[in-house]
Amino acid sequence: MPNKPIKSLTGFIRKISDLSEQLQNDEILLFRGQRNKIHHLNPNVLRDKNNHPKNEHIMFRELISLYPDRFGSDKNTLEQLIRAQHYELPTRLLDLTFNPLVALYFAIGDLQNKESVNGKIFILKIKKDKFKYYDSDTVSCIANLAYLSFDEKQEIIDSYKKNPNITRKEFCNLTPITRLLHFIKDEKPHFHNNIDPNDLFKVVAIRSKMNNERIIAQSGSFLLFGLNIKDLDLQKNIDGIDIRSIEIHKNNKEKIKKDLDSLSINDASMFPSISEAAKYIKNKYE
């Protein structure tokens, strides 16, 4: 029997507290809030309803070429992807948070949008040893897929399906993998030609650098999606990630948003900029 939608901030906190008490020492919780319950856990660039999957490599390059100064301080492709995501370019990243109240804020959504739907909060229980840091080799391998064309990525998928027992040496001799290695070595010159094929088909949780005001404000983290994975909502317990969800009742969103505001979880604090602060102040007095 499905859980009943949450109707109050206290009810939500109680639910999260219960889940936290069930955690093992080797587990951690991450959260994602989405204003519409029907949406699944899939990053923008992998959604088939548009041409983004076929043009990932072009969109990514175009943004960097138009605003190179904005990406000048980034040390690797992951940091470039995070910045591109910040500016709302579709990427293979999915935003998460360590703070359940931040996820609740996003599940409430923009109440000026009159769409009346239940929100949803995804709760991801992750084994700590599955958590990757920003300098992980696996992360570099997956992140740099963004530079490969759709056909190159499809060739990797087809080759792996045809021969799932392919050796690392054979795999690294595939033409698209030699291109991938070129991009990886741009950021890691001493990287060996020794990619584990399985790594490119993973979803990994990343603890990124806290070098961005929005990441800090939102206690941010990310899921990075590899090849051939479009939707985590239907794939429970993938790569050490167990997924469950809580719905937020549509009729209680406004009250919950006010309660969050009293805890300084609001538009101004989640998106720290003078323009967002001005918009928040304006809306408060309308």
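We did not get these values from a lab; they are worked out from the coordinates using the rules stated. Everything quoted here is computed from the prediction, not taken from an experiment. Cβ placement follows ideal geometry from the backbone for every residue including glycine, while neighbour counts extend to all protein chains displayed.
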| Roughly speaking, what is the centre-to-centre gap between segment 139-209 and segment 1-56 when only Cα atoms are used, to the nearest Å? | 28 Å
| Packing-based order for 207-214, 63-70, using average beta carbon neighbours within 10 Å, highest first | 207-214, 63-70
| request: Specify, per residue and in Å³, the volume enclosed by the convex hull of the alpha carbon atoms belonging to the chain. | output: 153 Å³
| said: Considering just Cα atoms, how many Å³ per residue does the convex hull of segment 59-99 enclose? | reply: 82 Å³
| field | Sites Asp135 and Lys255 - FRET efficiency at Förster radius 51 Å, r taken between beta-carbons, to 0.05 | value | 0.75
| Hull surface divided by four, with the convex hull built on the Cα atoms of segment 16-103: how many nm²? | 8.0 nm²
| So how tilted is helix 9-21 from the main axis of the chain? Cα-based, degrees 0 to 90, rounded to 10. | 50 degrees
| task | Starting from the Cα coordinates of segment 241-281, work out the convex hull volume and express it per residue in Å³. | result | 110 Å³
| query | Going through segment 83-138, which chymotrypsin sites (Phe, Trp or Tyr not before Pro) have at most 14 other Cβ atoms within 10 Å and a DSSP loop state? | reply | Tyr87
| said: Considering all alpha-carbon pairs of segment 95-161, what whole percent are spaced by more than 19 angstrom? | reply: 61 percent
| Once you charge only the Cβ atoms, +1 for Lys and Arg and -1 for Asp and Glu, what is the size of the charge dipole of the chain about its Cα centre, to the nearest 20 debye? | 740 debye
| How about Lys250: which lysines have a C-alpha closer than 23 Å to its C-alpha, ignoring those fewer than 8 places off in the same chain? | Lys4, Lys7, Lys15, Lys37, Lys114, Lys120, Lys258, Lys284
| For segment 247-252, 3J(HN,Hα) per residue [Karplus equation, 6.51 cos²θ - 1.76 cosθ + 1.60, θ = phi - 60°, Hz, x = Gly/Pro] | 8, 10, 5, 4, 6, 10
| note | For segment 1-125, averaging the sequence separation of alpha carbon pairs under 8 Å that lie six or more residues apart and dividing by its residue count, the contact order in percent is 45 percent
| Stokes-Einstein D in µm²/s, Kirkwood radius over Cα pairs - segment 184-281 at 4 °C with 1.567 mPa s viscosity | 74 µm²/s
